[in-house]
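Structure first, commentary second.
The values are calculated or read from the model by the stated rules, or taken from the named source; none is laboratory data. Everything numeric in this text was worked out from a predicted model, so none of it was measured. All Cβ positions, even for glycine, are placed from backbone atoms using ideal geometry, and neighbour counts span all protein chains on display.
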Amino acid sequence: MSDRIKLLIVDDEEEFLESIAKRLEMRDFNVRTATRGAQAVEIAREEKFDLALLDLKMPGMDGKQVLEILKKEHKYIEVIILTGHGSVDSAIDCTKLGAFGYLPKPYELEKLLDTLRQAFQVRMEKKFRVDQERMDRIAKLATGSSALGILRELKEIDDDEK
């Protein structure tokens, strides 16, 4: 099992995609790529990712649509939009849909890395809070419920995670 940050990068410009993927892999990210929005959604349904880096303008399903699906289907994923077609309106829309960040192309590598690190930290803090809440519920159960009651509650807690 890798301890590297799992990153999904989606961009229809294949040369750009290959270049940014290599640059981030050299900085110890575990990168998967997709050239289309629908392809990215399918990959994300097969694998869990910590972060996603999405182009905004793509043929077919655009970055905004992918963002919306990823945030609905993956509880802890953080998404950063990286686009050459940005506007204040699209930045606001993406933020409302749950994007962690919104960066312009061409990108500055250090700014991108900083944003990815911040997004990963936020993701881990959210996950830790939820895990802590689950542990608190389990501890409370253990002190005041019957064995059958504990099992029922554990099933409910487990169902909440799905």
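For the reader, a short list of remarks on this structure follows.
- Picking from residues in the stretch 1-31 that are under 22 Å from residue 124 (Cα atoms) and of a type in the set (S, T, N, Q), the one that is surrounded by the fewest Cβ atoms within 10 Å (Cβ to Cβ) is 2.
- Per-region count, the stretch 12-27, residues part of a loop (DSSP other than H, G, I, E, B) and either in contact with a Ser or Thr (Cβ under 7 Å, 6 or more places away or on another chain) or closer than 16 Å to residue 115 by Cβ (or both): 2
- Output for the stretch 1-29, where each listed residue is under 17 Å from residue 76 (Cα atoms) and in contact (Cβ under 8 Å) with a residue 24 or more places away in the chain: 4, 5, 6, 7, 8, 9
- Scanning the stretch 103-135 for residues being assigned to a helix (DSSP H, G or I), modelled with pLDDT under 90 and over 18 Å from residue 78 (Cα atoms) gives a total of 4.
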